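Any read-out appearing in this document is the output of simple, stated calculations on the displayed coordinates, not a laboratory observation. Because the structure is a prediction, the values reported are computed rather than measured. Don't worry about glycine lacking a Cβ; one is built from the backbone with ideal geometry, like all the others, and counts go over all protein chains shown.
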Amino acid sequence: MADATTAKLTINGKLYEVGPDVTVGTNLVDFLHSQGLTGTHYTCRKGGCGSCTVVGKYTDPSTGENKEYAFNSCLAMVHACDGWEITTVEGLGNRHDGYHVVQDRLADFSGTQCGFCSPGMVMNMYG
């Protein structure tokens, strides 16, 4: 755990330290974009569309139990993700390293429509 002014989180296997220069009101999707991770999209910014879905893993402090779930990154403040492991669509697969089976299946069966919300659908199916 970081101190009160910083948060440490892992995104796609890389450790990030979020300092006091990042405002407390910064949500995770905006932080991802500021780091060049633009595969996680945002549309409604209200948690209704799901285009910003990522998968988070963390240890529940009250039970010590490890938990993993898909969530809307537009609703999560980046400082609240202290100690979490976040996986975005870029961390799941890409054209250089190969695609995850969920990404392949969505493309193979024409499940993308326009494609804008596809990263969120992939992450929701994965998580």
Could you list all residues from segment 40-65 that are hydrophobic (A, V, I, L, M, F, W, C) and more than 20 Å from Ile11 (Cα to Cα)? Cys44, Cys49
Out of all the residues in segment 80-95, is one or more more than 16 Å from the chain's Cα centre (by Cα), farther than 19 Å from Thr10 by Cα and part of a helix (DSSP H, G or I)? no
If the requirement is being without any contact (Cβ under 8 Å) to a residue 12 or more places away in the chain and either of a type in the set (Lys, Arg) or in a loop (DSSP other than H, G, I, E, B) (or both), which of these qualifies: Thr5, Thr38? Thr38
Could you please give the count of residues in segment 13-32 that are over 15 Å from Gly91 (Cβ atoms) and either in contact (Cβ under 8 Å) with a residue 12 or more places away in the chain or surrounded by 14 or more Cβ atoms within 10 Å (Cβ to Cβ) (or both)? 10
Residue satisfying condition, being touching a residue at least 12 places away in the same chain (Cβ under 8 Å), more than 26 Å from Phe116 (Cα to Cα), of a type in the set (S, T, N, Q) and out of contact with any helix residue (DSSP H, G or I) (no Cβ under 9 Å at 6 or more places or on another chain), within set Thr63, Thr59: Thr59
